[in-house]
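Below you'll find the structure, written out as structure tokens, and then a few comments.
Quick note: the coordinates plus some simple rules give every number you see, no bench work behind them. Just so we're clear, the structure is a prediction, and the values are computed from it rather than from any experiment. Note: ideal-geometry Cβ built from the backbone for every residue, glycine included; neighbour counts use all protein chains shown.
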Amino acid sequence: MPGIGPQRADFRFPALGTGYRGEHSIAGLTEELYQSGYLYRLRNYHLIGRGRALKRRGSTPYDVATIDGTTDVQALSMYEWDTTRYLVALCNGKVYKYDGSTPWSDISGALSFGTSKDHRARFTHFYDSSSKYLIGTGPNSGRLWKWSGTGNIAVLADTTGANPNYARDVAEFRGRLWVINTQNGETLLQYSDEQQSGVWSADRYIHCSRESPGMGLCRHGQSTLLVFHQRSVHALQFDYTAGTEPWSVQPVDERIGAIATNSIVYSKGATYFASADGFYRVRNPARPAEYIGYPMEAVWAGLAQSRLPQIEGFVRGEPWNEVVWLASNGASTEHNLAFVWNTELETWSVFTGSFAYNCAINYVNSASKNVTLAGNYDSEIWNIWGDDNNDTGDRDGGSIGAVIESTFETGLLDFRYAGIKRLRDIWIDVLIRSSKSFDLQIQGINESPTVTTTQTVGTAGDRLSIDFIFDSSRFGSSDMPSQGQFRISSRARMFKLRMTERNTGAPHTINSLWFWFIPRARRFTP
């Protein structure tokens, strides 16, 4: 601990050996958790490595042609068997396919569905011993359908007997198709005959709960199917000791359920979903769902509450460890905010900007690379939030779109010294490829007025050529360490930093901040 006197002391944020721990906007600004690496606001940054903040990229059109005029893209999926892949979209109540070389093809055949942006769909793959199908739900009580990868889609099963006409969700589990919330019952869970997509015996149904409507299904690993109702979650498992219908059902959590069917996603051993009060996950089905949404409660409270049932979740592929949910913020009737959960660091960040996406998926392109594709409200597909091997630009909306503003904001930090101090310098350690201009705002508690300053950090790299000057020029690199010094004078006991950046060019990475200060007298009251 620094002593009293004129000597300078320093404070690294975050501490050596740790990293940033994501946004936590619900705690009081003086909470101790901010000393450990949490941020009050982290907007438009990925958290990578052990907790470094990497600014996100923008978006570029995936295909210049629109799907169907200027209508809403309602859902996206990928037909994938072995190396055969097609992008499948539901748009304007019709199903389309895209193979990357020819225009979008309408494969709806005789089927049509609701056209509202909120008429969504769910998908699964199923091999029924004769064909390799993509199975889809028909939104707004539309017919369940299947597609073999050729020709048009067809109804999943005829309307005789117990065959489900429609369903809220569909999943494959243990060689059968499972559907929930059908014309046979809102709480009903049905399953097909083994290896059959069109045969549904009348006695093959389960009521996990009769308290609330069925909301969704998710295969949790290989041994469990999670069944979601509006006010409960159950685990269905294969019972090797049972007879002809070998299923056992156990409650996971009977106090909360899913509010949005499309929020239910599985990633790396955990199933995530949105409930009425925030985000949850299930890791061990023998234990209740874990609430992970507490740091996001302030952001959650600002959402359009009537549109919570429309929250759209998806998992991003490599190199990201992210689960993302699209949501409508404020009075918006479109998804204009993204919650980003890092599955390895277990931390949050938030993406905002000039974007509006109704749905999104992880797609494997023709180069076998994972890309995130999003459908907007104008029949367009965008390649969003890319990486070094999938550059999606530095603007939202293509080359003429809006520049992305990133925000990095701490809570009130005491620098591990309880007394008054004068803050003199702030150093920022970054990885950067070209010069960036950062706007810095320092706010002290009680004592000093707010201080603002702007500093340009970094220089562009140079090629090794006749113009390269040793001891002056710098080598270009994908990871060019740089530092920036902000000279300020602010006197207080605790300080809060807010840093914004709105430049074009390759994204920067914030590694750490160093605060240099002069401790002053501690004040005691007799």
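Before moving on, here are some points about what is shown:
- Three-way shape label, region 330-471, alpha-carbon gyration tensor, a/c 1.5: oblate
- Simple rule: put +1 on each Lys or Arg Cβ and -1 on each Asp or Glu Cβ in the chain, find the dipole, and look at 517, 390, 327; the Cα lying farthest toward the positive end is 517.
- Calculated FRET efficiency for the pair residue 389/residue 249, C-beta based, R₀ 56 Å, to 0.05: 0.80
- Basic side chains Lys and Arg get +1 at the Cβ, acidic Asp and Glu get -1 at the Cβ, and with that the dipole of the chain about its Cα centre reaches some 1900 debye.
- Under the shape rule built on the C-alpha gyration tensor, where the axes satisfy a ≥ b ≥ c, the chain is prolate, since a/c reaches at least 1.5 and a/b is greater than b/c.
- Inter-label distance, nm, simple model (7 Å from Cα along the C-beta direction), residue 36/residue 186: 4.3
- Potential lengthening of the chain between residue 63 and residue 283 amounts to 75.5 nm, from the contour at 0.36 nm per residue minus the alpha-carbon distance.
- Two-site label geometry, residue 298 and residue 101: point separation in nm, points 7 Å out along Cα→Cβ: 5.3
- Here is the list for region 318-373: GluC sites (Glu not before Pro) lying in DSSP coil, each with at most 14 other C-beta atoms within 10 angstrom of its C-beta, are 344, 346.
- Net charge dipole size for region 291-352 [Lys, Arg +1 and Asp, Glu -1 on Cβ; Debye, nearest 20]: 200
- Of 205, 280, the sequence from fewest to most neighbouring Cβ atoms within 10 angstrom is 205, 280.
- Virtual paramagnetic centre 7 Å along Cα→Cβ of residue 15, amide N under 18 Å, in region 500-514: 512-514
- The helix-only estimate of mean residue ellipticity at 222 nm for the chain, built from DSSP H runs of length n ≥ 4 each weighted as -39500 (n - 2.57), is 0 deg cm²/dmol after division by the residue total.
- Cross-link check: pairs 132/268; 55/421; 97/132; 94/268 evaluated at a Cα-Cα cut-off of 22 Å; pairs beyond the cut-off: 132/268; 55/421; 94/268.
- Prolate/oblate/rounded label for region 113-227 (Cα gyration tensor, a/c 1.5): rounded
- R0 of 56 Å, Cβ-Cβ distance residue 129-residue 489: FRET efficiency to nearest 0.05: 0.15
- Distance between the pseudo-spin-label points of residue 70 and residue 367 (7 Å out from Cα toward the beta carbon): 3.3 nm.
- Checking every one of the GluC sites (Glu not before Pro) in region 1-97 against DSSP loop status and a limit of 11 other Cβ atoms within 10 Å picks out no site at all.
- Residues residue 78 and residue 446, FRET efficiency given R0 of 56 Å [Cβ-Cβ distance, rounded to 0.05]: 0.50
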